[in-house]
Each structure stands twice: as C-alpha cells, then as structure tokens.
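Values in this text are rule-based calculations from the coordinates and carry no lab data. The shown structure was predicted, so the numbers you read here are calculated from the model rather than taken from an experiment. Cβ atoms come from the backbone with ideal geometry, glycine included; neighbour counts cover every protein chain shown.
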Amino acid sequence: MEYKTHAPVLVEEIVQALEGRKIAIFVDATLGAGGHAKRILEAHPEIVRYIGIDADPEAIQLATENLSSWKKKVQIVHRNFEDVNDVLKEVGVEAIDGALFDLGVSSMQLDIGRRGFSFLQEGPLDMRMNPLQELDAKKIVNTWSEKELGELFREYGEDPRWRAAAKIIVEERKKGALTTTKQLAELLCHTLKTKIRGKLHPATLVFQALRMGVNRELEVVERAMKEILPKLSSQGVLAVISFHRLEDRIVKHVFKEATKRLKGCDVAPLFKLLVKKPLVPTLREVRMNPRARSAKLRLMERS
C-alpha cells in the first residue's frame, strides 16, 4: 500500500461534540483510511454498528486494516456517499445516532502520483476517487469544448483566468492529447504564469475544478445530506467537514434550511445548530497538518 499516514482533520472537535451521547449506530459517509472512525470507536465502546462508506477501493483496503480491532462492529461499503440512503436500506438500518461527511480529496489521494490528483506529482490525468467510473480528467481535458471547460474552471475552480486556461488547453490538444498531470501543469504555468493572489500555484484552481467535475462533488453533497437528515434519531448529530467555499456554502444552506422555524408556526424546528459558526483547526493542528488549514466543521443535532 503506497498511502502515507493520513491525519484526520478536526477529529478532536468531532469527538468532543459527541461526548456524553449514547451512540448505537454511526454512519461515516466518507470513511477514507478510517482515522475519524478509529477515534470515534475508541471514545464510544457502546457503538453496535459503525457503517463506513467510501468510493475509493484503496482507501477501503487501508481502513479495513486500520479498523481490524473493531471488525465485528464495522461494516464497510464500497459506494459513493451520494448512495447513503440506498446503503442504509441494504444493510437494514432505519435510524442512526450520528453521521460524518468529510468532503473533498484526501491527502492519501494527493500523495499518490498515479492517481492523477496533484500537479506536483507526475501521473496520468485521472482524478477518479472511484477508478471504476468511466469519466476521468483526461476525457474532460481532451473532449470537452472550450465553452464547457471555461464554465467548469469558472464555476468549480473560481479561477479568474478561466478563459485563458480553457483556450490554451483546446489549442494545445490539437497537437496531441494531454495525458499527464505534469504536461497539463506545465502548460498552465507557461500560459497563466503568475501565482493567483500571490500564493496559489497557477494550476491549483484548474486542477481543483477538474477533480470536482470528475467526481461530481458539488452535485452530490446537498442531496446526500438531505437524504441522511431524516435518518437521524432524537439527539442524533450530523457533522460535516468542508475544505473550500463552494462546499461550505452548500453545507451552510442545508443546515440553515433544516434549522429554520417556519413562518406562522410555533413548533420548534426538527434540527438545531450545535455551533453558530463553523469550527476550524487550531494553530497546532495546522502546524502538524498544513492541509487542514482551510477545513471548517459544521455540527447539527436532531431535537
């Protein structure tokens, strides 16, 4: 296994939010290597079933090894978290006491060049969290129109130079297919030249947009959270970690709608926020894991 050790983000804050609660069934919709799962299982020995879902078969293999001490409790399912409702039906679960969504790409995926997620690593233009799916970054880069690429870079990457990025990709691929991360990164560096806002690598936002487009990340977040809310039992907690503005905006909207009191109705809403503002990593955590710096944790409880 090539994956390096993956440090779970904001794990102590999640454990603290669950402190004092009796949890029988917990759903980890983005299991990864099992870092959050390990801490939650350690803190809650009363857990009867811990259902872990992940689209990445390599992460599942690692999580299976890391959680072997709880193999009688842990049930791991190879699926995208957008299928969380179907998964719960298949495993015979109607109500849960808690759920966690850790959105975005993991450090493990970024660190493996052959997965094609990082412009700093040589590898194929892939970016699929689930290698069984058909659409990958190579297909997007080499077949989408300039208009489609521009819209992707503008909406998912929020790259101010989206027009230039889309144009140069379409021009360059006429000479031959773009197939590797380094090939694309060097093209973008040569064309876009300067760093964004003085710190971001010129390829950062294009790669972000491609990854999100390949894995339909923003499309599935809202639907998955809305599907899992009715499954929460009384005092059940939903924890969601996001890593950039577009994700967090969706999470914030779902939380706001779920906790809103209906006009003209004296009945309290079904859900309440556990924190008014999202929790962020401590300076100590950021020093130990710089990739945690943009993380935000929102917490909601069913009344």
Using the Karplus curve 6.51 cos²θ - 1.76 cosθ + 1.60 with θ = phi - 60°, what ³J(HN,Hα) values do you get for each residue of the range 66-83, in whole Hz, with x for Gly and Pro?
5, 9, 4, 5, 10, 4, 6, 9, 8, 10, 9, 10, 8, 7, 7, 5, 5, 9
Given H placed 1.01 Å from N in the peptide plane, which residues other than close sequence neighbours of Gly123 have an amide H under 5 Å from its amide H?
Thr181, Lys182
Expected vector for the range 150-164, Karplus 3J(HN,Hα) from phi with 6.51, -1.76, 1.60 and θ = phi - 60°, integer Hz, x for Gly and Pro, equals x, 5, 5, 5, 6, 7, 9, x, 6, 7, x, 10, 4, 5, 5
Karplus 3J(HN,Hα) series, Hz, for the range 87-94 with 6.51 cos²θ - 1.76 cosθ + 1.60 (x for Gly, Pro)
4, 5, 5, 5, 9, x, 10, 9
Label model pair Lys182, Arg245: point-to-point distance (7 angstrom along the Cα→beta-carbon line) in nm is 3.4
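Return the loop-located trypsin sites (Lys or Arg not before Pro) in the range 175-244 (DSSP other than H, G, I, E, B) with at most 10 other Cβ atoms within 10 Å of their own Cβ; answer none if there are none. List each step's numbers first, then the result.
Values: sites: Lys175, Lys182, Lys193, Lys195, Arg197, Lys199, Arg211, Arg216, Arg223, Lys226, Lys231; in loops: Lys175, Lys193, Lys195, Arg197, Lys199, Arg216.
The qualifying sites are Lys175, Lys193, Arg197, Lys199.
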Let me know the number of lysine pairs in the range 116-215 closer than 20 Å at the Cα, not counting same-chain pairs under 8 apart.
21
List the residues whose amide H sits under 5 Å from the amide H of Ile76, counting only those 5 or more places along or on another chain, with H placed 1.01 Å from N in the peptide plane.
Gly52
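When the Kirkwood hydrodynamic radius is evaluated over all pairs of different C-alpha atoms of the range 1-91, what value in angstrom, to one decimal, is obtained? Provide the component values of the computation, followed by the final result.
Numbers: mean 1/r = 0.0749 Å⁻¹.
When all Cα pairs of the range 1-91 are included, the Kirkwood radius is 13.3 Å.
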Convex hull volume of the range 49-100 per residue (C-alpha atoms, cubic angstrom)
79
Over the Cα atoms of the chain, how large are the radius of gyration and the largest Cα-Cα distance (Dmax), in Å?
20.1, 66
What are the residues whose amide H is under 5 Å from the amide H of Leu178, where those residues sit 5 or more places off or on another chain and H is modelled from the backbone?
none
Rg/Rh for the range 148-294 to two decimals, with Rh computed the Kirkwood way over all alpha-carbon pairs.
1.09
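If packing is taken as the mean number of other Cβ atoms within 10 Å per residue, what is the order of 201-209, 140-148, highest first? Could the numbers behind the result be given before it?
Values: 201-209: 22.7, 140-148: 14.7.
Those peptides, ordered most packed to least, come out 201-209, 140-148.
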Report the extension gain between Glu257 and Gln121 in nm, rounded to one decimal, defined as 0.36 nm multiplied by the number of residues separating them, less their alpha carbon distance.
44.9 nm
Restricting to lysines and to Cα separations under 28 Å from Lys256, and discarding same-chain partners fewer than 8 apart, the set is Lys22, Lys89, Lys226, Lys231, Lys272, Lys276, Lys277, Lys296
Tell me the Kirkwood hydrodynamic radius of the range 116-215 in angstroms, computed as one over the mean inverse distance between distinct C-alpha pairs.
13.1
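Convex hull over the alpha-carbon atoms of the range 71-176: what's its volume per residue in Å³?
Working: hull volume 16.9 nm³, N = 106.
Roughly 160 Å³ of hull volume per residue.
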